[in-house]
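Notes to accompany the following structure.
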Amino acid sequence: RVLEEWRMFIDGRAVFTVPEPYQQLGDRAMRVIPQARFLAGVVDEARRFPNFRFEFGRTFRDVIREDGRVVGAVLDSPNGCEEIRTDLLIGCDGRASLLRARARIHLQAVPQSFDVWWFKLPAPDALRDGCSMLLMATTKTVGACYTSWDSRLQYALMVPKGVQPPSETANLVEELCQPAPDWLAEHIRGVPDQIEGPVRLRLVIGRCLQWSAPGLLLIGDAAHPMSPVRATCVPPQSSTEK
């Protein structure tokens, strides 16, 4: 799905809409795609190169060092522990990167007071055909939602760290409705048995001041974990900044 616009609501009232220039951008327009299909496409594209090899079912455990340089990785496999040697090891294993930890590269995190609960539910008629990103805020809570690749509504609710979701479905539904405009809240209340979640995302935002080491490179969220909403990252304040 091509993202068509951003819509902002405050206390249930539409404040403004920012259209995405998707027609001008063409193939470079922002899209919502299934992660599994994206990764499969990356692997298929990489298979064009004769030296590429894809190993499925391996789990990274540690780096191999020799003379102060990373020269490979220790993996768990169906056949037991194995070592793979390489000229360059690239860490792209996300915000909780084990490779970053094993390489002893420090993440300078920005303190966060909230986490994200992710839900999926049927999309209302007003959002079913296109793809709009709705950002919704009140003095008490913040939410965001969009129509995902599977034509369902992906809904994020920002919650204070450590808060557990209500055990009663009705209370959970009301939590979802708090930041939503009236028409969306009415839709949510009408589909309580079709709401999946929440899946808790423990929010980590920050950056590594060092993204590489001899024989090693970190990329993506492994080097600079960002917010899942609009991918914002506030640079950590250095000791020289006032």
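The values are calculated or read from the model by the stated rules, or taken from the named source; none is laboratory data. Quick caveat, the model's predicted, so the values are computed rather than measured. Here the Cβ positions follow ideal geometry from the backbone for every residue, glycine too, while neighbour counts run over all protein chains shown. Calculation scope for accessible area: heavy atoms of the full protein, side chains included, ligands and nucleic acids excluded. Shrake-Rupley method; radii C 1.70, N 1.55, O 1.52, S 1.80 Å.
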Computed from every Cα-Cα pair in region 109-223, P(r) in 10 Å bins starting at 0 and rounded to whole percents is 12, 39, 27, 14, 6, 1
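How large is the helix-only mean residue ellipticity at 222 nm for the chain, computed as the sum of -39500 (n - 2.57) over DSSP H runs with n ≥ 4, divided by its residue count, in deg cm²/dmol to the nearest 500?
Values: 6 runs with 42 residues, N = 242.
Computed mean residue ellipticity for the chain: -4500 deg cm²/dmol.
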Heavy-atom surface of region 1-107, accessible at 1.4 Å and reported per residue (Å²) | 73 Å²
Region 163-217 - Kirkwood radius from inverse mean 1/r over Cα pairs (Å) = 14.5 Å
Between the DSSP loop rule and a limit of at most 10 other Cβ atoms within 10 Å, which trypsin sites (Lys or Arg not before Pro) in region 80-139 are left?
-> ARG104
Apply the Karplus parameterisation 6.51 cos²θ - 1.76 cosθ + 1.60, with θ equal to phi minus 60°, to every residue of region 39-54 and state each ³J(HN,Hα) to the nearest whole Hz, in sequence, with x for glycine and proline.
-> 5, 4, x, 4, 5, 4, 5, 5, 5, 5, 8, x, 8, 7, 9, 10
May I ask for log10 I(q)/I(0) of region 43-181 at q = 0.09, 0.10, 0.19 Å⁻¹, from a Debye sum over the Cα atoms as equal point scatterers with solvent left out?
-> -0.52, -0.62, -1.06
Can you give the Rg to Rh ratio for region 1-55, taking only C-alpha atoms and Rh from Kirkwood?
-> 1.25
Which percent of the accessible heavy-atom area of region 46-178 goes to carbon and sulfur, probe 1.4 angstrom?
-> 51 percent
Could you work out, for region 1-105, what percent of all Cα-Cα pairs fall into each 5 Å distance bin, beginning at 0 Å and stopping at the bin that holds the largest distance?
-> 2, 9, 12, 13, 14, 12, 8, 9, 8, 6, 4, 1, 0
Projected-area mean, the chain, by convex hull of Cα positions, square nanometres = 17.9 nm²
